[in-house]
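Note sheet for the following structure.
Each reported figure results from applying straightforward, stated rules to the coordinates on display, with no laboratory input. The structure displayed is predicted, hence computed values, not measured ones. Here the Cβ positions follow ideal geometry from the backbone for every residue, glycine too, while neighbour counts run over all protein chains shown.
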Amino acid sequence: MRVVISLIALSLFATPALAAGWQDVATQADQKRLSLLEESKSRGLQQAQGGSDMGVIHGVLDPEGGPAEGMEGTWRCRLIKLGGMTPSRVYSWFTCRVSDRGGHLFFNKINGSTRTSGYFYPARNGKYVYLGAEYMSTEPMHAYSGSGESVGATRTPDDEIGLVSGIGAGHARIELPYPVQESAFDVIELRR
């Protein structure tokens, strides 16, 4: 039964609705979240001030984001949470992978207890918009709900929207404004 459920979950990612732009897939609530990225980042940084993680946080957030080039392949990645339940939290390094699925970039955090996966949609200036979903390692992979929001909800707790940008050679980030749970701002740091 578990194999059947896993195959069904994987099939959700086999034929993405990527022919259209990210705005055609993202919910209105998520489009608004992304438009408030700078506000969310500022709020998270204010709440994180004085914490022991500020060196790491500024190392990831201070560089100006540029084009996200050469994203395919395996990356070391870690989640950084700012504000909300705690001032800040920098998680350990895990493994993430960006792969080509039918001409579209697919992102997947492949280990750790909490995972995320979804697609990168082309955006302006060589950056991408990430539309994905968070899930536990004991669950099948979740898909971004998009216009298929559950039970009339404006957003689901596992949906994620973010901006993907390069911040140096072999270094990138995914900024996730106003996560639905726990924090004011999240960022996934990617390093080779």
- Query: How many residues does region 32-73 hold that are under 23 Å from HIS104 (Cβ atoms) and either touching a residue at least 60 places away in the same chain (Cβ under 8 Å) or among the hydrophobic types (A, V, I, L, M, F, W, C) (or both)?
  - Reply: 10
- Query: Can you pull out the residues in region 37-95 that are surrounded by fewer than 18 Cβ atoms within 10 Å (Cβ to Cβ), under 15 Å from the mean Cα position of the chain (by Cα) and among the charged types (D, E, K, R)?
  - Reply: ARG76
- Query: Which of the residues belonging to region 58-72 are closer than 20 Å to SER40 by Cβ and among the aliphatic types (A, V, I, L, M)?
  - Reply: VAL60, LEU61, ALA68
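Determine, yes or no, whether ALA29 is surrounded by fewer than 12 Cβ atoms within 10 Å (Cβ to Cβ) and either over 20 Å from TYR144 (Cβ atoms) or out of contact with any Leu (no Cβ under 7 Å at 6 or more places or on another chain) (or both).
no
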